[in-house]
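> Mind looking over this structure? Questions follow.
The values are calculated or read from the model by the stated rules, or taken from the named source; none is laboratory data. All of these numbers come straight from a predicted model, not from anything done at the bench. Heads up, the Cβs are rebuilt from the backbone with ideal geometry, glycines too, and the neighbour counts pull from every protein chain shown.
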Amino acid sequence: MTPAEFDFIAQYLKQKSGLVLTPDKQYLLDSRLTPVARRFNLPDLTALILKLRSGGDETVSKAVVEAMTTNESFFFRDKTPFEQFERMMLPALMKARAGQKRLRIWCAAASTGQEPYSLAMILKDKALSAQGWAVEIVGTDLSTEVLARATDGLYSQFEVQRGLPIQMLVKHFEKEGEQWRIKPDIRNAVKYRQANLLEPFRGHLTYDVIYCRNVLIYFDQPAKKDILERMAKLLAHDGYLVLGAAETVIGLTTAFAPVEGARGIYAKTAAASSLQAAI
Ligand SMILES: C[S@@+](CC[C@H](N)C(=O)[O-])C[C@H]1O[C@@H](n2cnc3c(N)ncnc32)[C@H](O)[C@@H]1O
């Protein structure tokens, strides 16, 4: 790949998905886009890039952007954000919302569904709906491919062995051949839809908790700031933002501040109410 081709594709991906690709990651382009070129009967990456440059073919563009996303996820990833949900966020929100008995949660980079389903399993085990609570979990992602997998709710033995306690597996999944399918009550607790975090957040109501984990790491500082500040507008005044272990709001925005003693969890600050950006 020539330097000009690299520059074009790096710029293209940044504009479409926010992904920042440095020259040392060229191997990723080769390994992930060569199969895409083959799928569209193109001889090599030069031909694929030419196709993108000529514009007009949405299917090729979508395949390229989706192939470059990293979709790694697993149940109860990093444990703490789920323990904190159960022990700290949920009790505080249930107390604050005791009147309306309604909670809304958004997993903003839901990938193949392990994150929203981990939350749905916690909520199911707490029997919230039996106590009259209405809890909505919305899972969005840029990639329709991962959302199709999330919707299907079918996981390999390897995937259910990563982070999922055995009693949760037995309780909330059914064996299907060599794989495991999540039970309908957990599956139906999550509503999925495609959404690009770079674009205006359409069709959302206010959330009590936003999980935005392990996606901002791929973006540059202005994109991170913009996304976080638009999220602040969608979060209830006493809601929580949950980021990945390697992510922070510090140095990006004053709209959020870390919740003391709860790593990776952020609350809105007074500065959030004076934000000018549109949602
Ligand atoms: C590494 S996964 C994180 C999954 C889950 N949140 C977790 O922590 O396990 C990152 C996800 O972000 C999605 N993603 C990447 N760029 C995006 C964008 N601009 N808008 C929405 N989702 C995006 C990818 O498709 C991928 O599924």
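> For the stretch 143-153, check the following and say yes or no: at least one residue is under 25 Å from Leu234 (Cα atoms), in contact with an Asp or Glu (Cβ under 6 Å, 6 or more places away or on another chain) and buried (at least 21 other Cβ atoms within 10 Å of the Cβ).
yes
> When you scan the stretch 189-201, how many residues do you find that are outside any loop (DSSP other than H, G, I, E, B), buried (at least 17 other Cβ atoms within 10 Å of the Cβ) and in contact with a Ser or Thr (Cβ under 8 Å, 6 or more places away or on another chain)? Reasoning before the result, please.
Our first condition is that a residue be outside any loop (DSSP other than H, G, I, E, B); within the stretch 189-201, this holds for 190-194.
With buried (at least 17 other Cβ atoms within 10 Å of the Cβ) added as a condition, the list becomes 190, 192.
If we keep only those that are in contact with a Ser or Thr (Cβ under 8 Å, 6 or more places away or on another chain) too, we end up with 192.
The qualifying residues number 1.
> Which residue, of Val170, Val146, is closer than 30 Å to Asp44 by Cβ, in a helix (DSSP H, G or I) and at pLDDT 95 or above?
Just one listed residue meets the conditions, Val146.
> Among the residues in the stretch 208-218, are any in the same structural domain as Leu93 (by TED's automatic domain parsing) and in contact with a Phe, Trp or Tyr (Cβ under 6 Å, 6 or more places away or on another chain)?
Within the stretch 208-218 (the criterion being in the same structural domain as Leu93 (by TED's automatic domain parsing) and in contact with a Phe, Trp or Tyr (Cβ under 6 Å, 6 or more places away or on another chain)), the answer is yes, since at least one residue qualifies.
> Which of (1) under 30 Å from Glu178 (Cβ atoms); (2) within 16 Å of the ligand (Cβ to nearest atom); (3) surrounded by fewer than 20 Cβ atoms within 10 Å (Cβ to Cβ) does Asp125 not meet, given it meets every other one?
The one condition Asp125 does not meet is (2).
> List the number of the failed condition for His204; all other conditions in (1) in contact (Cβ under 8 Å) with a residue 12 or more places away in the chain; (2) within 12 Å of the ligand (Cβ to nearest atom); (3) in a loop (DSSP other than H, G, I, E, B); (4) not aliphatic (A, V, I, L, M) hold.
The one condition His204 does not meet is (2).
> Let me ask something else about it. Confirm whether Pro91 is more than 17 Å from His172 (Cβ to Cβ) and either within 16 Å of the ligand (Cβ to nearest atom) or surrounded by fewer than 19 Cβ atoms within 10 Å (Cβ to Cβ) (or both). Steps first, please.
Values: more than 17 Å from His172 (Cβ to Cβ): yes; either within 16 Å of the ligand (Cβ to nearest atom) or surrounded by fewer than 19 Cβ atoms within 10 Å (Cβ to Cβ) (or both): yes.
So Pro91 passes the test.
> From the list Ile210, Ile186, pick out the single residue that is part of a strand (DSSP E or B), at pLDDT 95 or above and of a type in the set (Val, Ile, Thr).
Answer to the check: Ile210.
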